[in-house]
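See below for the structure under consideration.
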Amino acid sequence: MAAKEPEIIRDKDQMRRWSRAMRSQGKTLGLVPTMGYLHDGHVSLIREAHNHTDLIVVSIYVNPGQFSPSEDLSTYPSDFHGDIQKLMAVPGGVDVVFNPHNLYDYGTSKNANAAARASDDARVGNGGNGVVSSCVEENGLGHETWVRVERLEKGMCGQSRPVFFRGVATVVSKLFNIVEPDVAVFGKKDYQQWRIIQRMVRDLDFGIRVIGSEIVREKDGLAMSSRNVRLSPEEREKALSISKSLSRARLAAAKGQTNCKELRDLVTQAIHESGGRLDYAEIVDQESLEQAKVIRSPVVFCVAAWFGKVRLIDNMEINI
């Protein structure tokens, strides 16, 4: 059987027309949002989407709204041709790849200078507290509407990346409004992101079912990530300390160690001893993402750490 080649759509109005035409035929649509440079973790999301809908849309868009100017937007890996080849190899294939050029371009470039000035004001405003702007504001595109899930975004990744979840929630809202899917699939590797999108969909009454798909790991246990390619062989070996220490912590919890500080210390020490620089190691409630002191209900142990110039995240659910 010949591989199924997806239709590539770059215009958001064309994307919306396609979705509505398919819906008028009684078809259900699944969306898998990605930033490209696809790996087996992304493929697992597409396989999951096939279990729930008739047609599959994969978006490939590196969202500048979730990067601050000091982060790795310009170095985020990209291989669009390779991505299409991987999508064609997925059983059942993909119907559409939505690959917009810029979701923040509204044809209002005459306002760019004013927007840039507003961006500068934002960075030095707020009583001199140095509010961080995203690359969208930095580039003066005139976009000024943002979606925030105020409580869930505050901890963990939101602490060190203050514009990240605002940018994620906003671009996912835009994708939902353009593609109009019935189901959207997100990876649980980005656990906080998954919960934030679920909460946004509930709070804003999107008629979309958000599904979390389990983490896919390399054979040695490293959580699959598009950023893994930027690790040197030595850094990659050291980065295994994340998944290995999380596994030890989960086993310790299963054997009765429910003191979260002691479990965090176990993981923190292992990462430090491997030469990693810890961003955070938090044990939080699976639903509310509130920090736990003692494990009495289902929690998730979330970790972010730097190895060299690469920031990696991972987590493991603990259900005891």
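Summarising the amide proton neighbourhood of Tyr61: residues at separation of 5 or more, or on other chains, whose placed amide H is nearer than 5 Å comprise Thr34, Met35, Gly36. Amide hydrogen proximity for Leu278: with H placed 1.01 Å from N in the peptide plane, the residues at 5 or more positions away or on another chain lying under 5 Å are Trp306. Each residue of the stretch 240-254 is assigned a 3J(HN,Hα), and the resulting list reads 4, 4, 5, 5, 5, 6, 4, 5, 5, 5, 5, 5, 4, 5, 5 Hz, derived from the Karplus form 6.51 cos²θ - 1.76 cosθ + 1.60 (θ = phi - 60°), x at Gly and Pro. For the chain, report the % of Cα-Cα distances exceeding 29 Å. Result: 41 percent of Cα pairs exceed 29 Å. What the phi angles of the stretch 195-201 give under the Karplus curve with 6.51, -1.76 and 1.60, with θ = phi - 60°, is a coupling list of 5, 5, 5, 4, 5, 4, 4 Hz, glycine and proline written as x. Modelled spin-label separation between Arg23 and Asp105, with each label point placed 7 Å from Cα along the Cα-to-Cβ direction: 2.6 nm.
Whole-percent P(r), the stretch 136-194, all Cα pairs, 5 Å bins from 0: 4, 15, 24, 25, 18, 11, 2. Amide H contacts of Val216 (H built 1.01 Å from N, in plane; Pro and chain starts excluded): Met224 sit under 5 Å, all sequence-distant by 5 or more or on other chains. The accessible surface of the stretch 119-277, taken with every protein chain in place and a 1.4 Å probe, is 46 percent carbon and sulfur.
For the chain, a Gaussian network of Cα nodes joined below 10 Å ranks Ala239, Ala89, Ala21 by mean-square fluctuation, and the top entry is Ala21. Heavy-atom accessible area for His272, with the other protein chains in place and a 1.4 Å probe, reaches approximately 100 Å². Based on protein heavy atoms only, the stretch 259-314 ends up with 48 Å² per residue of surface accessible to a 1.4 Å probe.
The values are calculated or read from the model by the stated rules, or taken from the named source; none is laboratory data. Keep in mind that this is a model prediction, so the values were computed, not measured. Note: ideal-geometry Cβ built from the backbone for every residue, glycine included; neighbour counts use all protein chains shown. Side chains are part of the model used for accessible areas, which takes the heavy atoms of the whole protein and leaves out ligands, DNA and RNA. Shrake-Rupley method; radii C 1.70, N 1.55, O 1.52, S 1.80 Å.
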